[in-house]
Amino acid sequence: MTQPPGSPKLPDIPGLPAQKPGRSSFRFRPWMVAMGVLLLIAAAGFLYYQFAPLDAPIPAEAGKAYVELEQGTTEQGFPRLGRADAPVVVEEFSSYACPHCRDFHHEIFPTLLDEIAAGQVQFVVIPIAHIGMGAKTAAQGALCAGEQGRYWTMHDVLYDWQKRFVAMTFNKRRIVKGAENLGLDRDQFDQCMDSSTPDKVIKTARQEFDQRRVSGTPTFFINGQRVQDYQEFDTLGTLADQLRTTSP
């Protein structure tokens, strides 16, 4: 420790080397440089993520598959596609940051639409916000789009973005820009995003997740019975067979 001229000598501490007058005990270490560089990189990444211009493209086909289908919500506020009195209820615990959820949405979900249109199936999304980076912001955005009747369109958009933008997908500014590009009322959307309305639905979804002992996404229930492997539904035929065996 460097001491000012005329100051009394500090006592030596037993077990530690004696301090030499006029010399500092601080030693520069190479790892300090590495740590500083990492902190600068992290700070730059954070600033870019928060403030860089963000694209929010809307795929041309987003939402078109659902135009003729009944849309609504369950008593818990979960988005529903299909008639509320449809005899078969398919529930999906899903996260917009979940790659397997995206795979199901693109590859298998379209095969359910004929059954939904026929009034045989209602499909319910239980939005899980604690699995995957940005999942909560994405779920909030989809639910707030739902307040203006565009949940399922935003649903398509978010899964498209997951593959397009990967880790940088679900920035709030991108979600808001996407809402604008969908033609949603910006003030109403902002008010919803800043309110507790979507969070109440998300909280209820987490309670369902815990109560049913779900461990990951996607997880499916058909008429209350857990489906162990969603890939069993790789064709409409196998799905129809499963629906018949679980129908009341």
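A simple count of charges around Gly141, restricted to other residues whose Cβ falls under 15 Å of its Cβ and scoring Lys, Arg +1 and Asp, Glu -1, yields -1.
Mean separation of Cα pairs under 8 Å and 6+ residues apart, divided by the residue count of region 64-246: what relative contact order is that in percent?
Details: 257 pairs, mean separation 50.2, N = 183.
Relative contact order here is 27 percent.
Relative to its Kirkwood radius, the Cα radius of gyration of region 166-232 gives an Rg/Rh of 1.10.
Each pair of Cα atoms in region 64-246 enters the Kirkwood radius, and Stokes-Einstein at 4 °C and 1.567 mPa s then converts it into a translational diffusion coefficient of 79 µm²/s. Approximating the spin labels as points 7 Å out from Cα along Cα→Cβ, the Glu107-to-Met35 distance works out to 4.5 nm. The H on the amide N of His130, modeled in the peptide plane, is under 5 Å from the matching H of no residue at least 5 residues off or on a different chain.
Which of the peptides 131-139, 198-206 is most tightly packed, and how do the rest follow, judged by the mean count of other Cβ atoms within 10 Å per residue? List each step's numbers first, then the result.
Values: 131-139: 21.8, 198-206: 18.1.
Order by mean packing, descending: 131-139, 198-206.
No lab work stands behind these numbers, since they all come straight from the coordinates. Every value quoted in this text rests on a predicted model; they were computed, and no experiment measured them. Here the Cβ is made from the backbone with ideal geometry for all residues, glycine too, and neighbour counts use every protein chain on show.
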